[in-house]
C-alpha cells in the first residue's frame, strides 16, 4: 500500500482503528476521521507508534451534521491529491429516537446518509486515483433483521414504534443497498465498491449514548467476541489485496464472498434508496 492514500471514518477506535493500523502497517498514508479532536489525535499517536508509519493524520467529522460532512470532504480534498481507498466504518446504535441538526433520525443519518454524502463528495478523487479506487462499506449481519426490507414511507421512524436494534438493522441493510448500487453506477470505471460484515467484535459499539441494556448485553457476551484486529481483517483485505482487484458489488465475511439476505438483493429498492438519499443530502 506504499504510495496509496486511505480515508477511514471512525478510525479513532475499535474496528476503524484496527483497520488503520493494518493499512498503515502496509505503508499506506492513512487519514482517520473522528468526532472528537482529542481522541483523533490520541489515536494518530497510537497508530504511528504501532506501525512506525508517520503518515497518519486525523480529520474532524460528525456524521450527524451534513455541514460537518461537507467540511470534512473539503479538508480531505485540500490535503490529499488521491483517495485510493474510502473505508466507511463509523456508525452507532441508539435506543431512543433522536433527531440530528438536519432534522433526520440519527441512526439513519449517521449510519447511512452522512456516508452517502461523503462518498459523493470524494467520488471524483476516487475516480482519478490510479490504478483503481476502492470503497469499503462496513455493514453487518444485523441487516438480516430487516426481513421485510425498507419502509420508504417512514424511513425516519416517525410513525412506527422506535426499536433501536430494528432501526440499526435497517440502516445496515441501507449500507448494503448503497454498496451494491454504488458498484452498479461505477461499472466501467476503475472504482470498486464492496460491503462486509466484521463479526461480533469487542469494541466500543453500543457503549456510548443511551443504549444501557445493549451495553449490558454486550459486556456479558464480550468473552465470546473477536478482537478489533480480527474484525478489521476483511476491511484490510478488501482495501489492499490483489485478490479483489476489479471485484465489485460483493458482500464479504472473513475474506470470503457471501450471500446477503433476500431483502438485500432487491435492486429496485437499492436504486430507490439512492434517489431518496440524493434528495435528503441535497445532491442535485
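List of remarks:
- Expected 222 nm ellipticity per residue - DSSP helices of 4 or more, -39500 (n - 2.57), all of the chain, to 500: -12500 deg cm²/dmol
- Average Cα contact separation per residue, the chain, under 8 Å, 6 or more apart, as relative contact order %: 19 percent
- Model label zone, residue 132; criterion: amide N under 13 Å from point 7 Å along Cα-to-beta-carbon; scope segment 169-198: 187-194
- Among the listed values [x] 35; [y] 17; [z] 6, the one computed from these coordinates for percent of Cα pairs over 37 Å apart is [z].
- Relative exposure of 101, 75, judged by other C-beta atoms within 10 Å (fewest first): 101, 75
- Exposure proxy ranking, count of Cβ atoms within 10 Å, fewest first, for 197, 112, 120, 143: 120, 197, 143, 112
- Three-way shape label, segment 144-204, alpha-carbon gyration tensor, a/c 1.5: oblate
- Peptide packing: for 78-86, 37-45, the average count of neighbouring Cβ atoms within 10 Å per residue gives the ranking 78-86, 37-45, highest mean first.
- You can think of it this way: the chain between residue 254 and residue 153 has 32.9 nm of extra reach, that is 0.36 nm per residue less the Cα-Cα gap.
- In a fully extended conformation the segment linking residue 141 and residue 78 would gain 19.1 nm over its present Cα-Cα distance, using 0.36 nm per residue.
- Gain upon complete extension [residue 184, residue 160; 0.36 nm per residue less C-alpha separation]: 5.5 nm
- Peptides ranked, highest mean first, by Cβ atoms within 10 Å: ranges 262-270, 59-67, 172-180, 150-158: 172-180, 59-67, 262-270, 150-158
- Label-point separation in nm, residue 54 to residue 279, each point 7 Å along Cα→Cβ: 5.1 nm
- Among 114, 149, 52, residue whose mean-square fluctuation peaks in a GNM of the chain (springs only between Cα atoms under 10 Å): 52
Read the figures in this text as sums done on the coordinates, not as results from a lab. Note that the coordinates shown come from a computational prediction; the quantities given were computed from them, not determined experimentally. All Cβ positions, even for glycine, are placed from backbone atoms using ideal geometry, and neighbour counts span all protein chains on display.
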